[in-house]
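See structure below.
The values are calculated or read from the model by the stated rules, or taken from the named source; none is laboratory data. Bear in mind the structure is a predicted one, so any value in this text is a computation, not a measurement. Cβ atoms come from the backbone with ideal geometry, glycine included; neighbour counts cover every protein chain shown. Surface accessibility is based on the protein's heavy atoms, side chains included, excluding ligands, DNA and RNA. Shrake-Rupley method; radii C 1.70, N 1.55, O 1.52, S 1.80 Å.
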Amino acid sequence: MQPVDPKDRKIANIYTADFTPFVYPDGRALGDAILQLDDSQAPGTGFHVYRMPAGMTTLGHRHNGHEQFLILQGELHESDGTILRAGDMVFYRDGTEHNSYSPDGCLLAVHIAAPETVL
């Protein structure tokens with residue numbers, strides 16, 4: 001095998017890399033941020049790492065495609081009262097509507113198939 005060409009690989013450490021503020025389609029920024037290496041995907045879609053600051057609540061949204069995530073750090077409170085913790089892996093089916101709150105901040109590894117619709 002040939003060595004991997006540097007233009008064909010990106011590497012980032014989730015603990016030291018600069019995250020990009022997440023901006024909702026209407027221009028709002030709530031303090032959450034993403035680390036996404038695949039720039040062929042719209043920000044916040046495909047595979048990325050998502051960081052929520054302490055006390056933040058996401059906007060209510062509908063999934064336009066499946067979402068899966070793994071909580072790496074922290075705790076996430078879902079709008080239906082479910083509390084998710086580090087190590088929990090979650091799957092949301094296409095069409096699911098919800099929002100999330102993190103009391104102390106959290107870090108998630110996420111895959112979202114398509115941009116979400118803000119409710």
Is there any pair with a first residue in region 67-83 that is more than 12 Å from THR96 (Cβ to Cβ) and a second that is among the aromatic types (Phe, Trp, Tyr) and open to solvent by 50 Å² or more (accessible area, probe 1.4 Å) whose Cβ atoms are under 9 Å apart and which are 6 or more apart or on different chains, and what are they?
PHE69/PHE91; LEU76/TYR101; HIS77/TYR101
Given (1) open to solvent by 40 Å² or more (accessible area, probe 1.4 Å); (2) small (Gly, Ala, Ser); (3) more than 13 Å from the chain's Cα centre (by Cα), number of the condition GLY65 does not satisfy
(1)
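Can you tell which of ASP80, ASP104, ASP39 is outside any strand (DSSP E or B) and in contact with a His (Cβ under 9 Å, 6 or more places away or on another chain)?
On the way: ASP104 fails: in contact with a His (Cβ under 9 Å, 6 or more places away or on another chain); ASP39 fails: in contact with a His (Cβ under 9 Å, 6 or more places away or on another chain).
Result: ASP80 is the single residue among ASP80, ASP104, ASP39 that is outside any strand (DSSP E or B) and in contact with a His (Cβ under 9 Å, 6 or more places away or on another chain).
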Inside region 20-47, can you point out the residues that are open to solvent by less than 20 Å² (accessible area, probe 1.4 Å), of a type in the set (Gly, Ala, Ser) and within 19 Å of HIS66 (Cα to Cα)?
GLY44, GLY46
Quick check on this structure: which one of VAL49, VAL23 is under 13 Å from the mean Cα position of the chain (by Cα) and in a loop (DSSP other than H, G, I, E, B)?
VAL23
Filter region 95-119 for residues that are within 16 Å of the chain's Cα centre (by Cα) and without any contact (Cβ under 8 Å) to a residue 40 or more places away in the chain and give the result.
THR96, GLU97, HIS98
Failed condition for TYR101, given (1) in contact with a strand residue (DSSP E or B) (Cβ under 9 Å, 6 or more places away or on another chain); (2) open to solvent by less than 60 Å² (accessible area, probe 1.4 Å)
(2)
Starting from residues that are of a type in the set (A, V, I, L, M) and modelled with pLDDT of 95 or more, keep the ones in region 45-81 and report whichever is nearest to ILE34 (Cα to Cα).
VAL49
